[in-house]
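See below for the structure under consideration.
The values are calculated or read from the model by the stated rules, or taken from the named source; none is laboratory data. Source: prediction; values computed, not measured. Heads up, the Cβs are rebuilt from the backbone with ideal geometry, glycines too, and the neighbour counts pull from every protein chain shown.
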Amino acid sequence: MPSLLTPADQALFESKPGLCLVLDPALRIVAQNDALAQATMTRPEETLGKFLFEIFPDNPNCNAADGVSVLRQSLLNVLKTRAADIIPSFKFDIAPAEGGRYVPRFWRVVNTPVLDDEGFVRLIINQVEDLTVLLE
């Protein structure tokens, strides 16, 4: 699935120094910048059009993993309230694209809606900050 962003918007998005995804209201990834791809060991060509939690599932080796539920609730809050939602800090392990062991990560997340002309959520900007080195 190609990005839903225009080429100019895509260039601006890619130049953003933060770690970002853009999601549609069904929580499918419509854009991913290179900084996030590098931090999460993923490749945009393999993530675009996929359901967020298909690409970023909970760590199956950790019974206490709740990253999916925490992030899903934040995204649902954005869809319901049409306002930004912040997760100050939470643990969400990631797995390298080639498979292998999950790597512990701590994140700060800001989910921000992009509204259409009628006030409905058209896209969600998912901006994350890796706090791992601060919280380990």
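Applying the selection to segment 16-43, what residues are touching a residue at least 40 places away in the same chain (Cβ under 8 Å) and not in a strand (DSSP E or B)?
Answer for segment 16-43, where residues must be touching a residue at least 40 places away in the same chain (Cβ under 8 Å) and not in a strand (DSSP E or B): Gly18, Asp24, Pro25, Leu27, Leu36, Ala39, Thr40, Met41, Thr42, Arg43.
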Anything in segment 85-127 that is within 17 Å of Leu21 (Cα to Cα), outside any loop (DSSP other than H, G, I, E, B) and of a type in the set (A, V, I, L, M)? List them, or say none. Ile86, Ile87, Ile94, Val109, Val110, Val114, Leu115, Val121, Leu123, Ile124, Ile125
Checking Glu118 against (1) surrounded by 13 or more Cβ atoms within 10 Å (Cβ to Cβ); (2) over 16 Å from the mean Cα position of the chain (by Cα): exactly one of these is not met. Which one? (1)
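Does Asn63 satisfy being buried (at least 17 other Cβ atoms within 10 Å of the Cβ) and not aromatic (Phe, Trp, Tyr)? Let's see the steps before the verdict.
Numbers: buried (at least 17 other Cβ atoms within 10 Å of the Cβ): no; not aromatic (Phe, Trp, Tyr): yes.
For Asn63, the condition - buried (at least 17 other Cβ atoms within 10 Å of the Cβ) and not aromatic (Phe, Trp, Tyr) - is not met.
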Might you check whether a residue that is at pLDDT below 90, surrounded by 15 or more Cβ atoms within 10 Å (Cβ to Cβ), closer than 20 Å to Gly18 by Cα and touching a Lys or Arg at 6+ places or on another chain (Cβ under 9 Å) occurs anywhere in segment 40-57? yes
Of everything in segment 12-39, what is of a type in the set (Gly, Ala, Ser), loosely packed, with under 14 Cβ neighbours inside 10 Å and modelled with pLDDT of 65 or more? Give them in sequence order. Gly18, Ala26
Name the single residue that is farthest from Ala95 (Cα to Cα) among those in segment 121-136 being hydrophobic (A, V, I, L, M, F, W, C) and buried (at least 18 other Cβ atoms within 10 Å of the Cβ). Val121
Restricting attention to segment 66-89, the residues that are at pLDDT below 95 and crowded, with 17+ Cβ neighbours inside 10 Å number exactly 1
